[in-house]
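Shown next, in structure tokens, is the structure this report addresses.
Every number in this text was worked out from the coordinates using simple rules, so none of it is lab data. Everything numeric in this text was worked out from a predicted model, so none of it was measured. In this analysis, Cβ positions are derived from the backbone assuming ideal geometry, glycine residues included, and neighbour counts consider all displayed protein chains.
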Amino acid sequence: MSAMTGEQPADSAREIPPPSDPGDLYVLGGVYYQGIGVPVDKEKAAALYRMSADKGNADAMVRLGIILMTGDGAEQDYREASKLFRRAADRGNADAEYLLSSLYSRGKGVDRNPIEAVKLCLHAAAEGCTGAMCQMGKWYRDGENCVDRDMAKAVYWLKQAAEKKDAEALYELGCMFAFGEGVEKDEANGRTLLRYADMYGDPDAAGALEALDGGMDRRPE
């Protein structure tokens, strides 16, 4: 048998080229980020999200922006994250508007601008982003970011998010009712909301329920 010089065995491992479609690139990024059927590889996920974002996929812009904002899969870079969120927001992505709002609120990657933060967050909330709904509820409750304290608006936005099973909104609303934070105290309703918050994964809900069981009159610090 003659030698097959220079040829690779048919079963040798070779790198599979990534797809060209931006939607497929986005999905494949999620596969590597979450480790669905493959080892978790967040750096590879970030590269795939970038390829998808460069082709105009707004969801990929958001996912890559989150990676850069958190430093989970790439070196933390708030400024680059803000640019990605802006590109996605300009394409009508409500999640991007909410995330960009958070950067304007904190002055991360952009100059702090509470008015722009509220403008973006309100629009994202109106478009159905539960994170934005919850954030507006907290800002109205606490009178932050240039909005006047308004408990009716606070409860309205938190209820909107809670009805969509947002764990943080359920927790915030539950504490407000259970401990009478700016609203008439309704411990039974508050407990129900906190139990749902715990069910949907809020990390602080169980502690609030324990505080109520222990007779505390305010949420745990």
Whole-Å distance linking the alpha carbon centroid of the range 153-215 with that of the range 18-41 is 36 Å
For Cα extents along the principal axes in Å the list reads [x] 56, 35, 31; [y] 55, 38, 35; [z] 88, 38, 25; the calculated value is entry [z]
The answer for the chain, counting only DSSP H helices whose Cα atoms cover 15 angstrom or more along the axis and whose Kyte-Doolittle average is 1.0 or greater, is 58-70, 114-126, 167-179
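Can you give the net charge of the other residues whose Cβ lies under 14 Å from the Cβ of residue 185, counting K and R as +1 and D and E as -1? Show your work: numbers first, answer last.
On the way: positive: 191, 218, 219; negative: 181, 184, 186, 187, 217.
With Lys, Arg at +1 and Asp, Glu at -1, the net is -2.
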Other residues with Cβ under 14 Å from the Cβ of residue 26 give, with Lys and Arg +1 and Asp and Glu -1, a net charge of 0
Contour minus Cα-Cα span, residue 55 to residue 153, at 0.36 nm per residue, comes to 31.3 nm
Once residue 111 and residue 186 are pulled to full extension, the length gained, defined as 0.36 nm per residue separation minus their Cα-Cα distance, is 22.9 nm
Taking the dipole of the chain about the Cα centre (Lys, Arg +1; Asp, Glu -1; charges at Cβ), the one of 60, 28, 161 that reaches farthest to the positive side is 60
Rounded to the nearest 500, the 222 nm mean residue ellipticity computed for the chain from DSSP H runs (n ≥ 4, each -39500 (n - 2.57)) alone is -19500 deg cm²/dmol
At R0 = 30 Å the Cβ-Cβ FRET efficiency linking residue 142 and residue 40, nearest 0.05, sits at 0.20
Filtered hits (lysines, Cα-Cα < 21 Å from residue 164, offset >= 8 within chain) -> 138, 153
